[in-house]
Amino acid sequence: VFSMRCFINTQAQSKMSLLDVLRAFNREQKLAFLAISYGYFTMICPIVLTAPFLPPEAAKHGVDSRLTGIIFGVSPLLAVVFGPLAGMVIAKIGPKTCIMAGISLSAVFNILFG
């Protein structure tokens, strides 16, 4: 089971670097870390890859540059608003279920996005 025991805030562990923490993981924890990192990377790619193309395409369709900025600003704003709610949901239904649901929903909406 993936455990974050290495992140317990004690005096000795507060001085550990990220590399030291990763070295302390066992094989299963390292694979879980890689899988989650890859999942988040693939969820962020569509957002980042639209940045160079959306403003010119929006301008061609008569969309104001302010509205284009709002489109890009909504995602971080929603992350701030719904972050605490996600924490409560994780506590109720478990982290594995939340991660799998989030990655699955992201995949579905990325496919629908095109």
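Cβ-Cβ under 6 Å, sequence separation 6+ or interchain: first residue in segment 27-45 and within 20 Å of ILE111 (Cα to Cα), partner open to solvent by 40 Å² or more (accessible area, probe 1.4 Å). Which pairs?
Cβ pairs passing all conditions: GLY39/ILE103.
What's the total number of residues in segment 83-114 that are over 17 Å from MET43 (Cα atoms) and either exposed (fewer than 12 other Cβ atoms within 10 Å of the Cβ) or at pLDDT below 85 (or both)?
Count: 8.
For residues that are open to solvent by 60 Å² or more (accessible area, probe 1.4 Å), in contact with a helix residue (DSSP H, G or I) (Cβ under 8 Å, 6 or more places away or on another chain) and of a type in the set (Gly, Ala, Ser), tally how many sit in segment 53-74.
2
Among the residues of segment 11-47, how many are within 26 Å of THR97 (Cα to Cα) and open to solvent by less than 100 Å² (accessible area, probe 1.4 Å)?
20
So that you can scan it fast, the table gives a plain yes or no per residue for (1) without any contact (Cβ under 8 Å) to a residue 24 or more places away in the chain; (2) over 18 Å from SER106 (Cβ atoms); (3) within 18 Å of the chain's Cα centre (by Cα):
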position	(1), (2), (3)
PRO56	yes, yes, no
SER65	yes, yes, no
THR68	yes, yes, no
PRO76	yes, no, yes
PRO84	yes, yes, yes
ILE93	yes, no, no
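The values are calculated or read from the model by the stated rules, or taken from the named source; none is laboratory data. This is a predicted model, so every value here is computed, not measured. Note: ideal-geometry Cβ built from the backbone for every residue, glycine included; neighbour counts use all protein chains shown. Accessible surface is based on the protein model in full, side chains and every heavy atom, while ligands, DNA and RNA are left aside. Shrake-Rupley method; radii C 1.70, N 1.55, O 1.52, S 1.80 Å.
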